[in-house]
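The values are calculated or read from the model by the stated rules, or taken from the named source; none is laboratory data. Please read these numbers as outputs of a predicted model, since none were measured by experiment. Backbone-built Cβ (ideal geometry, glycine too); neighbour counts: all protein chains shown.
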Amino acid sequence: MNRGVKYTGVASDEELRACPGIPTEERLEKGPVVAIECVQKIPCNPCEGSCPFGAIEIGSSITELPKLMEDKCVGCGICIPKCPGLAIFKLHKNYSDTTSLVEFPYEYLPLPAKGEEAPTGNRFGEHVGMGKVHDIKNLAKNDGTTLVTLEIPKEQLMEVRTIYRGGING
């Protein structure tokens, strides 16, 4: 079966494991950090220039994959709306004993409301479960990209990447 971004438009598990922008389990344990799920070598580098801490490195060839410099990332999320591919997420694994936070770019209407229970979706847009909208950032400096933060069950941290829009029963 053909998998991966070339065939489906969505990164495969294999591509994500090889991605230099994915934080290690050890870094996830330390607090909020971004995950850069960019797996295609295309000419792009806004994420590198947007990070005030130098935590994203692409180098002189802008076709290289962005590398997360884990020791420099403070999890501020400034880079999230700067990614034209919507491929950067902020992960906070240990928000509570049982829940995590995932922040993602969201460019759909209607926007969810803070405190709302929302169906969650994976990279394919398939329903995963339920989450609670923890925060909404709709800042002018983000050029129309709203950032949504969901509180989700901890075991879904590496799966949930959006709000499910297909309707629970369809």
So R165 clears everything in (1) touching a residue at least 60 places away in the same chain (Cβ under 8 Å); (2) under 27 Å from Y7 (Cβ atoms) except one condition, right? Which one?
(1)
State which residue pairs qualify: first residue touching a residue at least 60 places away in the same chain (Cβ under 8 Å) and inside segment 99-111, second residue part of a loop (DSSP other than H, G, I, E, B) in any location, beta carbons under 6 Å apart, and separation of 6 or more residues or different chains.
L101/Y95
Just to be sure I understand, how many residues within segment 129-144 are among the β-branched types (V, I, T) and surrounded by fewer than 18 Cβ atoms within 10 Å (Cβ to Cβ)?
1
Looking at G54 and the list (1) in contact with a helix residue (DSSP H, G or I) (Cβ under 6 Å, 6 or more places away or on another chain); (2) outside the structural domain of E159 (by TED's automatic domain parsing), which single condition is not satisfied?
(1)
Consider L150 against the criteria (1) out of contact with any Ser or Thr (no Cβ under 7 Å at 6 or more places or on another chain); (2) without any contact (Cβ under 8 Å) to a residue 60 or more places away in the chain; (3) surrounded by 16 or more Cβ atoms within 10 Å (Cβ to Cβ): it satisfies all of them except one. Which criterion is unmet?
(1)
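Which residue out of G75, G115 is at positive phi, at pLDDT 95 or above and touching a Gly at 6+ places or on another chain (Cβ under 8 Å)? Working first, answer last.
Details: G115 fails: touching a Gly at 6+ places or on another chain (Cβ under 8 Å).
One residue alone meets the criteria, G75.
Got a sec? Which of P112, P105 is part of a strand (DSSP E or B) and either surrounded by 15 or more Cβ atoms within 10 Å (Cβ to Cβ) or assigned by TED's automatic domain parsing to the domain that holds M158 (or both)?
On the way: P112 fails: part of a strand (DSSP E or B).
Going through P112, P105 in turn, the sole match is P105.
Where in segment 1-77 are the helices (runs of 4 or more DSSP H), entirely inside, with at least 1 residues that are farther than 20 Å from K90 by Cβ and within 17 Å of the chain's Cα centre (by Cα)?
On the way: elements: 5-8, 13-18, 25-29, 46-50.
Of the helices (runs of 4 or more DSSP H) lying wholly inside segment 1-77, those with at least 1 residues that are farther than 20 Å from K90 by Cβ and within 17 Å of the chain's Cα centre (by Cα) span 5-8, 13-18.
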